[in-house]
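Please find one structure pasted underneath; my questions will follow.
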Amino acid sequence: MFLDILASLQRLFVGYIPAAVLGSFIGYLIGMNSMMYQLFRRIFQIPHSIPPIALLPIALIVFKENEPAAVVVVFLGTLWTMIINTAIGMQHFQRQNNNFRVAIFHIFHALKVAVWVAWFTVIATEMLTGPKGLGFVVWDSYKNGNIDSVIETILYIGIIGLLLDQFLDFTAHILSEMVSDGKKSS
């Protein structure tokens, strides 16, 4: 089970981290300009409206291997989420007189939503492509009639998702406090 957890987390981070960085940057650029925001938020809603797992067949055709296809699907699903939510956050940041606590809240909200999308996508791609990862274990256990393993693996998936969420909440809280403390000492 430990190796399957590592495989799932590797897929998650290899797809999520570059998408979070690139998506934050693009979202920032779009969100800081009202005209660009109005134009691009409509355009980016189109790819954002496609469930990431629906892109898996195309990624498999292009990459011909499960691993790069799965990572690209995670990347694309995360990218649109990060762009849109970061751009919205930057619009709120400007409306709130450049309040950095607002920016931190919205950027970390974008990171949280994106990690949820990425985690769901990782599990779904593993269920479809296998041969390792928590999604594969759940599906394989189901096919073999091992309900105990299905429940155990689902608990692992939930706990890991919770830990990722809590880590981002904790980091946002620390940064928010640092911004507050910085204002108090000024």
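I want to confirm something. Restricting to segment 1-44 and keeping residues that are in a helix (DSSP H, G or I), within 21 Å of H92 (Cβ to Cβ) and of a type in the set (S, T, N, Q), which single residue is most open to solvent (accessible area, probe 1.4 Å)?
Per the criteria, the residue is Q38.
Do you know which residues across segment 132-161 are without any contact (Cβ under 8 Å) to a residue 24 or more places away in the chain and either touching a strand residue (DSSP E or B) at 6+ places or on another chain (Cβ under 9 Å) or assigned to a loop (DSSP other than H, G, I, E, B) (or both)?
N144, G145, N146, listed by residue number.
If you go through segment 72-85 one residue at a time, do you hit one that is in a loop (DSSP other than H, G, I, E, B) and either open to solvent by 20 Å² or more (accessible area, probe 1.4 Å) or among the polar types (S, T, N, Q) (or both)?
no
Quick test for you: out of L134, L155, L111, pick the one residue that is hydrophobic (A, V, I, L, M, F, W, C) and exposed (fewer than 12 other Cβ atoms within 10 Å of the Cβ).
Criteria check complete, one pass: L155.
Across segment 45-57, what is the number of residues that are part of a helix (DSSP H, G or I) and exposed (fewer than 13 other Cβ atoms within 10 Å of the Cβ)?
First, the residues of segment 45-57 that are part of a helix (DSSP H, G or I): 45-48, 52-57.
Applying the additional criterion that residues be exposed (fewer than 13 other Cβ atoms within 10 Å of the Cβ) yields 45-46, 54, 57.
So the answer is 4.
Something else now. Of the residues R11, R41, which is more than 25 Å from S141 (Cβ to Cβ), touching a residue at least 24 places away in the same chain (Cβ under 8 Å) and of a type in the set (K, R)?
Values: R11 fails: more than 25 Å from S141 (Cβ to Cβ).
Going through R11, R41 in turn, the sole match is R41.
Condition (residue is part of a helix (DSSP H, G or I), buried (at least 18 other Cβ atoms within 10 Å of the Cβ), touching a Ser or Thr at 6+ places or on another chain (Cβ under 6 Å) and of a type outside the set (S, T, Y)) applied to segment 164-180: is it met by at least one residue?
Within segment 164-180 (the criterion being part of a helix (DSSP H, G or I), buried (at least 18 other Cβ atoms within 10 Å of the Cβ), touching a Ser or Thr at 6+ places or on another chain (Cβ under 6 Å) and of a type outside the set (S, T, Y)), the answer is no, since none of the residues qualifies.
The values are calculated or read from the model by the stated rules, or taken from the named source; none is laboratory data. Worth saying up front: this structure is predicted, and the values here are computed from it rather than measured. Using ideal geometry, Cβ is built from the backbone for each residue, glycine included, and neighbour counts are taken over all protein chains shown. In case anyone asks, the SASA skips ligands and DNA or RNA and just uses the protein heavy atoms, side chains included. Shrake-Rupley method; radii C 1.70, N 1.55, O 1.52, S 1.80 Å.
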